[in-house]
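Trainee: Below: one structure in structure tokens.
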Protein chains: 2
Amino acid sequence: MSETDYQLIIVGGGPAGLTAGLYAARAKLHAILLEKGAPGGQVMNTDWIDNYPGFPEGISGFELAEKMAAQVQRFGLPTKVCEVTSMDLAGPVKKIFLEGGETLTSRTVILATGARPNKLGIPGEKELTGKGVSYCATCDGPFYRGLEIAVIGGGDTAVQEAMHLTKFATRVTVIHRRNELRAERILQEKAFANARIDYIWDTVVTEVLGSKEVEGLRLKNVKSGEETTLAVKGCFVLIGLYPNNEMLPLDQLASEGGFIVTDKEMRTSLPGVMAAGDICSKEVRQIVNATGEGAVACVAAENYLGNLK
Amino acid sequence: MSETDYQLIIVGGGPAGLTAGLYAARAKLHAILLEKGAPGGQVMNTDWIDNYPGFPEGISGFELAEKMAAQVQRFGLPTKVCEVTSMDLAGPVKKIFLEGGETLTSRTVILATGARPNKLGIPGEKELTGKGVSYCATCDGPFYRGLEIAVIGGGDTAVQEAMHLTKFATRVTVIHRRNELRAERILQEKAFANARIDYIWDTVVTEVLGSKEVEGLRLKNVKSGEETTLAVKGCFVLIGLYPNNEMLPLDQLASEGGFIVTDKEMRTSLPGVMAAGDICSKEVRQIVNATGEGAVACVAAENYLGNLK
């Protein structure tokens, strides 16, 4: 069998990729982690994390990302800052094509490219992210105890999280661009029965208002064109998650809605190819299960390598 | 529908149960965690942990367990120290029976009862447990300062703990029934480089010798049948895990080898019943995926509760 550059290539340096790398380094695999920017993934952009076990007082996303990266470095995993443009994962020799023309080959690959929340793309959104603009109710809900907030969106996640947020916020206003929710009926019924949730229909947000933190939203009715403002302290943008799959060979890999399908051992439909973290098709996307999946994916890669002739 | 005491009962306070509890408390579920002793599970008995992401220099098991428990307490999850004797999980009202006759009811249950070390099941083992026979190097290592001891097993735990024990014992003999270790490569290399560790291959222990305390082991070579004895003062049995399933209704739940079968969302074969951590039938049993599973199990419980009429 022909030689390859590596036994394992890990694509992506968020919690899933870093944990896969930690386990790979400790297992003395000839492995490399490819990351296009600073390690940490979405964690780097998360202001404060209260729900990663082991940090009773919470920890900043920046610090957690740094700690995870330092731990991987301690065990000597090589990392390379580069942009992956495409892959050929179908055969026994996996090929990873990099910007600039370089090609890396490996027996196994762990896909940990993550996902990104869909953005509104309006003024104030970027500036106030982490200062009242959030893309994760599970992460940030408890920060809004006793306050009035808005949820943007009308799908399952938006409605589910609106209900979840009423445990903290005194009033949750759901702003949706259509005149009915897309969420499943049982969720809708529960949401409509919840006295803390209001609805503004046929309406889009055109600007997030506030200087140091969110003070309100500028709204526009898409039917009448009427503009109004809504005073809120928080704005949860829950209009879907987009998989970072531009560099993945979706013609070779089983996927659902652009997310990669795996089994419980994080194996994809292709032998020797594992996936971990937010790129996977799954229900729960949290740091704590991304890391767990990274470890499991690495063990699956080891097992695959162990069974090669 | 009849009332229940809780929306969610979590059985077990190791990393899986604690993380499920963390997520349940943050989701404001009416939940309780049942634990028979101190929280932390097997982590409490682990000397040093280098592969839980977020602690670049490593952390002691005791400290990690304390931090995880403190984090759950911070969010106000009620916990109860008690022994669960049995359960009836088949119907919509889940019943948890406690020692002393109390019964707790709940809509959902997360099983996080963990696993415990396997025993050799040979003469002298039970009689001399605590008198030289140990299943926890962290707990008992310091008692063997300046003495010669044996470690039985060849997996990660056995090799890791053999190295740990060389901090105390002058000589550690690893006795393994195969002719190579199963431990991860980095551990093997370190162990082979440690001058205080010897190996006896292809060999099983047939008896623990000694009257008031361990004086030696009777050994048998599985290939030649030859019997020998080894003079040691301590014997650490590190040969894998047994599921803590005595209180579980295995007639109601799908299981494999005594471990509970789940899907990717940690749902068992019974509606409303989730499992997480070492009690699950799975390939990888590490702290990092136990915690991830705890979080996923809690979200599954929330979703189940959300779909109840």
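The values are calculated or read from the model by the stated rules, or taken from the named source; none is laboratory data. Predicted model only: the values in this text are computed from it and were never measured. Cβ coordinates were reconstructed from backbone atoms using ideal geometry, including for glycine residues, and neighbour counts include every protein chain displayed. These accessible areas exclude ligands, DNA and RNA; they are computed on the full protein's heavy atoms, side chains included. Shrake-Rupley method; radii C 1.70, N 1.55, O 1.52, S 1.80 Å.
Trainee: I'd like the residues of the range B:24-62 whose 1.4 Å-probe accessible area shrinks by no less than 20 Å² going from the isolated chain to the full set of protein chains.
Mentor: B:Arg26, B:Ala27, B:Lys28, B:Asp50, B:Asn51, B:Tyr52, B:Pro53, B:Gly54, B:Phe55, B:Pro56
Trainee: Looking at the range B:133-237 only, what percent of DSSP beta bridges run antiparallel? Nearest 5 please.
Mentor: Approximately 40 percent, going by the DSSP bridge assignments.
Trainee: Assuming R0 = 35 Å, can you tell me the calculated FRET efficiency for the pair A:Tyr242 and A:Glu102, based on Cβ-Cβ distance, to the nearest 0.05?
Mentor: 0.85
Trainee: So, taking all protein chains as they sit and a 1.4 Å probe, how much accessible area belongs to B:His30, in Å² rounded to tens?
Mentor: About 100 Å², rounded to the nearest 10.
Trainee: Residue by residue through the range B:141-148, which ³J(HN,Hα) values in whole Hz follow from phi under the Karplus form 6.51 cos²θ - 1.76 cosθ + 1.60 (θ = phi - 60°), with glycine and proline marked x?
Mentor: Computed from phi, the couplings for the range B:141-148 are x, x, 6, 10, 4, x, 10, 9 Hz.
Trainee: Quick check: net charge around B:Gly58, other residues with Cβ under 13 Å of its Cβ, Lys/Arg +1 and Asp/Glu -1?
Mentor: It works out to a net charge of -1.
Trainee: Follow-up. Would you mind checking the tilt of helix A:15-26 against the longest principal axis of the Cα atoms of chain A, expressed as 0 to 90 degrees and rounded to 10?
Mentor: 20
Trainee: Still on this structure: Explain nothing, just compute: Karplus ³J(HN,Hα) = 6.51 cos²θ - 1.76 cosθ + 1.60, θ = phi - 60°, for every residue of the range B:283-288 in order, whole Hz, x for Gly and Pro.
Mentor: Couplings: 7, 10, 10, 10, 4, 5 Hz.
Trainee: How high is the FRET efficiency between B:Arg185 and A:Arg185 when r is their beta carbon distance and R₀ equals 45 Å, given to the nearest 0.05?
Mentor: It comes to 0.25.
Trainee: Considering only Cα-Cα distances, which of the following residue pairs are longer than 24 Å: B:Lys95/B:Lys126; A:Lys126/A:Lys167; A:Lys126/A:Lys212?
Mentor: The answer is B:Lys95/B:Lys126; A:Lys126/A:Lys167.
Trainee: In terms of Cα to Cα distance under 17 Å, which aspartates and glutamates are near enough to B:Lys264, apart from those fewer than 8 places away along the same chain?
Mentor: Qualifying aspartates and glutamates at Cα under 17 Å: A:Glu256, A:Asp263, A:Glu265, A:Asp278, A:Glu283, A:Glu293, B:Glu256, B:Asp278, B:Glu283, B:Glu293, B:Glu302.
Trainee: Just to check, using Stokes-Einstein with a Kirkwood Rh over alpha carbon pairs, what's the diffusion coefficient of the protein assembly as shown at 4 °C and 1.567 mPa s in µm²/s?
Mentor: Translational D for this selection: 50 µm²/s.
Trainee: Then there is this: Using only protein heavy atoms and a 1.4 Å probe, report how much of B:Ile59 is accessible, in Å² to the nearest 10.
Mentor: Roughly 10 Å² of B:Ile59 is accessible to a 1.4 Å probe.
Trainee: Considering every residue in B:289-301, what mean count of other chain Cβ atoms within 10 Å of its Cβ is obtained?
Mentor: The mean count of partner-chain Cβ atoms within 10 Å per residue comes to 6.
Trainee: Identify the residues of the range A:183-220 with backbone N under 17 Å of a label point that sits 7 angstrom from the Cα of A:Ile122 along the Cα-to-Cβ direction, or state none.
Mentor: Within reach of a label on A:Ile122: A:198-211, A:213-220.
Trainee: Report the A-B buried area as the accessible area lost on both sides summed, probe 1.4 Å, in Å² to the nearest 100.
Mentor: 4300
Trainee: Treating the angle as unsigned and between 0 and 90°, give the value, to the nearest 10°, between the Cα long axis of helix B:156-165 and the longest Cα principal axis of chain B.
Mentor: Taking the Cα atoms of chain B, the angle to B:156-165 is about 60 degrees.
Trainee: What is the sum of charges around B:Lys80, taking Lys and Arg as +1, Asp and Glu as -1, for the other residues whose C-beta is under 14 Å from the C-beta of B:Lys80?
Mentor: -4
Trainee: Here is a further query. Do any cysteines in chain A lack another Cys Cβ under 4.7 Å, and if so which?
Mentor: By the Cβ distance rule, which asks for a partner under 4.7 Å, the isolated cysteines are A:Cys82, A:Cys235, A:Cys280, A:Cys298.
Trainee: Given H placed on each backbone N at 1.01 Å, which residues far from B:Ser255 in sequence or on other chains put an amide H within less than 5 Å of it?
Mentor: Residues meeting the amide H criterion: B:Val261.
Trainee: Which GluC sites (Glu not before Pro) in the range B:1-91 sit in a loop by DSSP (not H, G, I, E or B) and have at most 13 other Cβ atoms within 10 Å of their own Cβ?
Mentor: B:Glu3, B:Glu57, B:Glu83
Trainee: Once amide H atoms are placed 1.01 Å from N in the peptide plane, what residues at a sequence separation of 5 or more from A:Trp48, or on another chain, have their amide H within under 5 Å of its amide H?
Mentor: For A:Trp48, whose amide H was placed from the backbone, the distant partners under 5 Å are A:Gly61.
Trainee: Also, quick follow-up: What is the range B:1-57 by shape, rounded, prolate or oblate, if you read a ≥ b ≥ c off the alpha carbon gyration tensor as root eigenvalues and call it rounded for a/c under 1.5, prolate for a/b larger than b/c, and oblate otherwise?
Mentor: Taking the square roots of the gyration eigenvalues as a ≥ b ≥ c, the range B:1-57 is oblate.
Trainee: Accessible area, 1.4 Å probe, largest first: how do A:Asp251, A:Asp202, A:Asp5 sort?
Mentor: A:Asp251, A:Asp5, A:Asp202
Trainee: Modelled label-to-label distance, A:Asp251 and A:Arg145, 7 Å Cα→beta-carbon offset: nm?
Mentor: About 5.5 nm, to one decimal.
Trainee: Hey, if you drop one equal point scatterer on each alpha-carbon of the range A:133-237 and run the Debye formula without solvent, what base-10 log of I(q)/I(0) do you get at q = 0.13, 0.22, 0.23 Å⁻¹?
Mentor: Calculated log10 I(q)/I(0) at the listed q: -0.41, -1.18, -1.27.
Trainee: Contact order normalised by length for the range A:133-237, with contacts defined as Cα pairs under 8 Å and 6 or more residues apart; what percent is it?
Mentor: So the answer I get is 30 percent.
Trainee: OK, next. If you count only protein heavy atoms with a 1.4 Å probe, what accessible area per residue comes out for the protein assembly as shown, rounded to a whole Å²?
Mentor: Per-residue value: 42 Å².
Trainee: Mind checking the range B:197-254 for GluC sites (Glu not before Pro) that DSSP puts in a loop (not H, G, I, E or B) and that have at most 13 other Cβ atoms within 10 Å?
Mentor: When the GluC sites (Glu not before Pro) of the range B:197-254 are filtered for loop state and at most 13 Cβ neighbours within 10 Å, B:Glu213, B:Glu226, B:Glu246 remain.
Trainee: Quick one: Cα convex hull volume of the range A:164-298, Å³ per residue?
Mentor: Spread over its residues, the Cα hull of the range A:164-298 gives 179 Å³ apiece.
Trainee: Sticking with this one: So if I take the centroid of the Cα atoms in the range A:1-77 and the same for the range B:115-163, what is the distance between those two points in Å?
Mentor: 34
Trainee: In a shell of Cβ-Cβ distance under 14 Å around B:Asp140, excluding B:Asp140 itself, what net charge do Lys and Arg (+1) and Asp and Glu (-1) give?
Mentor: Net charge in that neighbourhood comes out at +1.
Trainee: Obtain the nm distance between the two label points defined at A:Thr228 and A:Glu213 by a simple spin-label model: each point lies 7 Å from its Cα along the Cα-to-C-beta direction.
Mentor: A separation of 2.5 nm, rounded to one decimal place.
Trainee: Further, regarding this structure: Using a 1.4 Å probe on the protein chains only, how many percent of the accessible area of the range A:133-237 belongs to carbon and sulfur?
Mentor: 45
Trainee: What do you reckon, how do A:Ser281, B:Ser106, A:Ser269 stack up by accessible area (1.4 Å probe), largest on top?
Mentor: Result of the area sort, largest leading: A:Ser269, A:Ser281, B:Ser106.
Trainee: Given the pairs A:Lys119/A:Lys282; A:Lys36/A:Lys80; A:Lys36/A:Lys119, which span a C-alpha to C-alpha distance of over 19 angstrom in this model?
Mentor: Checking Cα-Cα distances, A:Lys119/A:Lys282; A:Lys36/A:Lys119 exceed 19 Å.
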